[in-house]
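Just below is one structure, and these are the notes that go with it.
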Amino acid sequence: MDKHLTRIAEIYKAIDNLYEAAMKHYNFNCEGCADNCCATKFHHHTNIEELYLAEGLKRLDESKQKEILCRSEDVMKVYNSSPEDVSVMCPLNEGGACIVYEHRPMICRIHGVPYQMFKKNMSIEFGTGCLRFVNEKLNENMQYFMFNRTIFYVEMAKVEKELRESLSLGGDYKKTTAEIVLSILKGH
Ligand code: SF4
């Protein structure tokens, strides 16, 4: 297990380094953003990210875990009674900041700047970045900073495959952050 967590930490570090370089290139930052991306309904797709996030949750005291559990249940109520693209703040965000920042999932680390990704059918997907980036930067006619997400997804998939084999895990994995928290703190 530890080797998988170590490996994912390395992947996250590589993402963070590239992301920081991209932000510098574009002279872009998230300060004062009214459109907080933590209110986006992100889905996560790997067991290994859940295990890594669990390490962050474990470091919080019991009363904080209970608060997060309540918020996660509230978020799920909204998700279950709203359209698919409903916007509601992540249960791990407090006062605009992530309380498990060092253990946050991959999508939280890569969302925001323009990217490219090679698909299985050999096509290339391009993303424009977040709303703030589009509004503030796209019209500046800046040179694209090469942010290729492919390698991160490939490496993540390799770790996930090894983990699944070692724990004999099957089935698809797709969870929101609130669902992950409930899985970790309530065991379902
Ligand atoms: S896990 Fe952290 S960074 Fe990701 S959406 Fe939630 S609060 Fe934001």
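No lab work stands behind these numbers, since they all come straight from the coordinates. The structure presented is a predicted model; accordingly, all values stated were derived computationally and were not measured. Because the Cβ atoms are built from the backbone with ideal geometry, glycine has one as well, and the counts that use them run over all protein chains shown.
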- line: Ranked by GNM mean-square fluctuation in the chain (Cα springs under 10 Å), the top entry among Lys119, Lys174, Lys64 is Lys119
Entries of Lys13/Lys175; Lys24/Lys58; Lys13/Lys174; Lys66/Lys158 with Cα pairs more than 30 Å apart: Lys24/Lys58; Lys66/Lys158
task: Note down the nm distance, to one decimal, between modelled labels 7 Å out along Cα→Cβ at Val154 and at Leu185.
output: 3.8
field: FRET E, pair Leu131, Ser168, Förster distance 30 Å, beta-carbon r, rounded to 0.05
entry: 0.10
query: Say a paramagnetic label sat at a point 7 Å from the Cα of Met23, along Cα to Cβ; which residues of segment 109-130 have their backbone N under 18 Å from it?
result: 109-115, 129-130
task: Calculate the radius of gyration of the Cα atoms of the chain to one decimal place, then report Dmax, the largest Cα-Cα distance, as a whole number, both in Å.
output: 17.1, 50
message: I'd like the Karplus ³J(HN,Hα) series for segment 111-128: coefficients 6.51, -1.76, 1.60, θ = phi - 60°, whole numbers in Hz, and an x wherever there's a Gly or Pro.
response: 5, x, 9, x, 8, 10, 8, 7, 8, 4, 8, 6, 7, 10, 9, 10, x, 8
task: Would you mind checking which residues have amide H under 5 Å from Asn148's amide H? H placed 1.01 Å from N; only 5 or more apart, or other chain.
output: Gln116
task: Can you work out the PRE-style zone for Lys161? Point 7 Å along Cα to Cβ, and I want the residues of segment 94-136 with backbone N under 19 Å.
output: 118-123
message: What are the ³J(HN,Hα) couplings of segment 30-35, residue after residue, when phi is run through the Karplus curve with 6.51, -1.76, 1.60 and θ = phi - 60°? Round to Hz, x for glycine and proline.
response: 9, 4, x, 5, 7, 9
- prompt: Cross-link partners among aspartates and glutamates for Lys161, C-alpha distance below 16 Å, same-chain residues fewer than 8 apart left out?
  reply: Asp2, Glu49, Glu50, Asp172
- request: Pull up the cross-link candidates among the aspartates and glutamates for Lys3, meaning alpha carbon to alpha carbon under 13 Å and not fewer than 8 places away within one chain.
  value: Glu160, Glu162
- prompt: If each of Gln65 and Cys98 carries a label point 7 Å out from its Cα toward its Cβ, how far apart are those two points in nm?
  reply: 2.1
task: Determine the gain in length on full extension of the stretch Lys58-Ile124; use 0.36 nm per residue of separation and subtract their C-alpha separation, reporting nm with one decimal.
output: 19.9 nm
field: 3J(HN,Hα) from dihedral phi, segment 88-99, Karplus parametrisation 6.51/-1.76/1.60, rounded to Hz, x for glycine, proline
entry: 8, 5, 4, x, 9, 9, 10, x, x, 10, 7, 8
query: Near the amide H of Val113, under 5 Å away, which other amide H atoms are found, from residues 5 or more places off or on another chain, if H is placed in the peptide plane?
result: Cys130
Cβ-derived FRET efficiency at R0 35 Å, Ala9 paired with Asn80, nearest 0.05: 0.60
